[in-house]
Structure formats: C-alpha cells, structure tokens
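Single-structure report; data block below.
The values are calculated or read from the model by the stated rules, or taken from the named source; none is laboratory data. Keep in mind the model is a prediction, meaning the values are calculated, not measured. Please note: Cβ atoms are built from the backbone with ideal geometry, for glycine as well, and neighbour counts cover all protein chains shown. SASA here: full protein model, heavy atoms, side chains in, ligands and nucleic acids out. Shrake-Rupley method; radii C 1.70, N 1.55, O 1.52, S 1.80 Å.
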Amino acid sequence: MKFCSFNHMPWRFVKARTSTWPYDNADFEAPVARRELSNFLTQASIAEEAGFDWVGFGEEHCNPFGLIPNACIAASLVAAKTSRIRLGVFGAALPLLNPVKVAEEYAWVDTFSGGRLEAGFMRGVPQNYFVYNGDVDGSWDRLEEAAQLIVRLWTADEPVSWRSKYYTFNRISLWPRCAQHPHPPILMTAGSERSARVAARLRARVGEIHLKQRDGLSRVRETFDRYADIADQFSWQPGPDVFVVGVYACIARSDEEAFQKMEPALNYTYNVISGGFKSQEPKPTPLAEPAKMPEESLTLKQRIEAGLVVCGSARTAAEQIAHIHERTGAGIISLHFQVGNMSHTDVCRSIKLCGDIVIPSLNRRRPDALMARKDERTA
C-alpha cells in the first residue's frame with residue numbers, strides 16, 4: 001500500500017451555515033487565511049517526514065469547503081517545502097479551462113518539483129459550472145479533447161497544431177516541458193462507463209474520494225472492477241497503484257479520544273460548510289447523481305462501520321485501513337486529516353501517528369486484495 005495525506009484546506013471559522021448559496025464570505029479574514037496556509041504547508045512537510053508517499057489537494061470555487069481555487073498553486077508551494085513526496089493534484093476541471101494553460105501549469109509543477117506530479121484531469125462538479133457559468137452540454141467531449149491535446153503537448157518534440165470540435169490552436173510549443181517521461185501519471189475518476197473509457201484509454205490512475213453513502217466501499221469496488229475490465233479492452237491490466245480511495249481520518253491515542261475529536265469536525269463539515277448548493281441548485285444537471293443516502297443521515301459510528309472514515313487509535317486505524325484496502329483493492333489510500341474545523345495540532349498528531357505506527361504495521365502485512373479481486377473476475 002501507498003499513502004496520501006489529502007487536504008482540501010477547509011475554512012475552519014464559518015460561524016453558521018448559510019441559508020443561501022454561494023456562501024456569504026463575511027467570515028473570511030486574510031490574516032487568518034495566511035495562518036491557515038502556513039498550517040497547510042506544515043502538514044505537508046510532516047507527511048513527508050512521516051513517510052507518506054503522496055500529498056493530495058483538489059480545487060474548490062466560491063466555497064468555504066476548500067480555499068484552493070487552483071491546485072497547481074498549492075502543488076507549487078508544497079513542492080518548494082518538500083523534496084521527495086509526490087504531489088497528487090485532484091483537479092483541474094478540464095471542460096471549464098484552457099487546456100494549453102493546464103498543460104503549461106502542470107509541466108511547470110512537474111519540472112520544478114523534480115518529476116513528482118500526479119496530474120488530475122477532472123470533468124468538474126455542478127457548482128463549478130454554476131460558478132463559471134459553464135455549459136454542461138458537451139462537457140464530456142471537451143474533457144476527452146482537452147486530455148488528448150494536453151498529452152500531445154507534453155510528448156511532442158516540435159510545435160503542435162490542433163483542430164478538433166471544441167479546440168483550435170495554430171502552433172504551440174510547450175515551455176517548460178515535463179520532467180517525467182513520457183509525461184506525468186494522469187489521475188481521473190471512473191464512476192461511469194464513459195469516464196472509465198476515457199481514463200482507460202489514457203492508462204490513468206482512478207480515484208474515489210469523499211465517500212458519502214453507506215454502501216460506499218461496495219460502489220468503489222464495482223467502479224474499480226469495471227475499470228479493470230475496460231482496461232483489458234485497451235490491452236493493459238491495472239495494478240494496485242492505479243486505484244486510489246480517500247476517506248476522512250482522525251488517529252489519536254485512544255478510540256475514545258479520536259471519536260471525541262472527529263465527531264464535531266465531521267458535523268462541521270457536513271452541516272456547516274457543505275450541502276448548500278444541492279439544496280438550491282437552480283436546475284438538474286447531468287453532472288449531479290442522486291445519492292442513495294443524504295450525507296447528514298449517517299452518524300459517526302455508522303460511518304466507521306461502513307468504512308467511510310478512519311477513526312480510532314493507531315491500532316484501530318490500521319485495522320480500518322486494512323479493511324478498506326481489502327474491500328476495494330485500492331493500492332493508494334488517501335487519508336483526509338484536516339477534517340472540517342479540527343485543530344491544526346490534532347491534525348499534525350494524526351499524521352505523525354499514522355506515519356510512526358499505522359503505515360509501518362500495514363506495510364509489514366502487505367495484504368494483496370487486488371490479486372483476490374483479479375482471481376474473482378477470472379473465475
């Protein structure tokens with residue numbers, strides 16, 4: 001198994017859930033935000049020191065759920081503070097962006113980090129399209145075309161001319177180029193047949209993060225199994241490191257202490273800084289998929305039992321992570337330690353305990369759920 005410390009940098013100081021969307025930004029204070037950025041970078045450095053393989057971050061827009069509007073900016077800052085750990089950029093929303101600009105930014109991060117980028121190609125969530133006044137129609141085609149163009153720019157040794165349905169560029173010569181050859185690993189989602197096909201054609205890693213429904217692990221397993229089957233059609237077989245699953249995590253000195261710290265932080269996440277858009281979405285969109293169970297209806301105990309969060313002592317957390325790995329076959333486990341308004345001190349302690357105790361104990365076991373999953377599919 002490999003491990004990612006993920007942080008979407010939530011704003012920890014919203015006083016009350018807003019009755020409208022977008023959220024009123026009156027609670028934002030720039031000096032506090034600078035302190036939060038310092039905490040963000042400290043947590044990434046601690047993750048590297050603790051032996052994590054990745055740090056991860058995504059993008060959020062006009063939303064206190066996360067303060068990172070461009071994950072390449074976050075990756076650049078973390079790259080300057082670290083030397084080894086890989087930079088998992090769980091973004092950007094390609095259909096809403098200029099693909100040449102994305103190709104340039106990702107190449108810049110990869111080059112100046114020494115080849116540590118994991119480059120996310122995402123379609124985006126409904127609120128992204130609402131914020132940018134983007135057109136959902138054609139977003140699948142734009143995603144495919146943009147992904148193909150970016151890979152072409154990354155791998156070309158000469159100026160590129162490009163003409164497709166949505167993008168036309170006369171001559172492009174990418175400066176800087178990527179450090180990784182032929183290009184950085186690509187990270188995508190594969191929750192639908194079409195997204196899985198797009199990802200499999202690019203031989204991308206695929207991930208599922210922020211699990212919300214009680215049957216989340218089963219749904220992830222189905223997604224990964226379908227992706228493996230589709231990859232077979234493209235003449236390759238994904239290994240464990242192709243699959244990423246992410247959950248919120250709190251590791252403490254005892255199960256009781258972890259529970260006491262996690263419960264209010266999760267309540268803040270689900271009841272204060274998220275969910276507003278869904279309640280006021282102006283019209284249905286093909287990007288919105290109906291949830292089997294609302295986020296707020298599950299207790300912390302139910303989330304732990306369902307494998308949607310990791311919460312407990314180091315020993316308990318190791319058992320929970322092993323369970324998630326065995327149920328999903330994911331070779332990369334992404335742990336989201338900055339849960340809502342949890343204190344920076346508690347987050348740092350969780351990361352250190354995970355690195356000192358949990359990761360070594362799990363790597364000694366090395367359960368191979370992927371082989372079991374492959375055997376089941378072959379039988």
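Tallying residues that are open to solvent by 50 Å² or more (accessible area, probe 1.4 Å) and farther than 13 Å from Leu153 by Cβ within the stretch 93-107 yields 1.
Quick grid of which residues meet (1) at pLDDT 95 or above; (2) within 17 Å of Ile209 (Cα to Cα):
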{"residue": "Pro69", "(1), (2)": "no, no"}
{"residue": "Val89", "(1), (2)": "yes, yes"}
{"residue": "Gly138", "(1), (2)": "no, no"}
{"residue": "Leu153", "(1), (2)": "yes, no"}
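Number of residues in the stretch 144-202 that are in contact with a helix residue (DSSP H, G or I) (Cβ under 7 Å, 6 or more places away or on another chain) and either open to solvent by 30 Å² or more (accessible area, probe 1.4 Å) or more than 16 Å from Gly124 (Cα to Cα) (or both): the value is 28. Might you let me know whether the stretch 32-40 holds any residue that is open to solvent by 50 Å² or more (accessible area, probe 1.4 Å), part of a loop (DSSP other than H, G, I, E, B) and touching a residue at least 24 places away in the same chain (Cβ under 8 Å)? No, the stretch 32-40 contains no residue that is open to solvent by 50 Å² or more (accessible area, probe 1.4 Å), part of a loop (DSSP other than H, G, I, E, B) and touching a residue at least 24 places away in the same chain (Cβ under 8 Å). The lone criterion from (1) surrounded by 20 or more Cβ atoms within 10 Å (Cβ to Cβ); (2) on the phi > 0 side of the Ramachandran plot left unmet by Trp54 is number (2). With respect to the conditions (1) surrounded by 18 or more Cβ atoms within 10 Å (Cβ to Cβ); (2) touching a helix residue (DSSP H, G or I) at 6+ places or on another chain (Cβ under 6 Å), Arg116 falls short on a single one, namely (2). Annotation: Ala26 fulfils all but one of (1) aliphatic (A, V, I, L, M); (2) surrounded by 20 or more Cβ atoms within 10 Å (Cβ to Cβ); (3) modelled with pLDDT under 95; the unmet one is (2).
Among the residues of the stretch 16-27, is any acidic (Asp, Glu) and over 20 Å from the mean Cα position of the chain (by Cα)? Looking for residues that are acidic (Asp, Glu) and over 20 Å from the mean Cα position of the chain (by Cα), one finds at least one in the stretch 16-27, hence yes. Out of the residues in the stretch 209-227 that are touching a residue at least 60 places away in the same chain (Cβ under 8 Å) and of a type in the set (D, E, K, R), which is surrounded by the most Cβ atoms within 10 Å (Cβ to Cβ)? Selected residue: Arg221.
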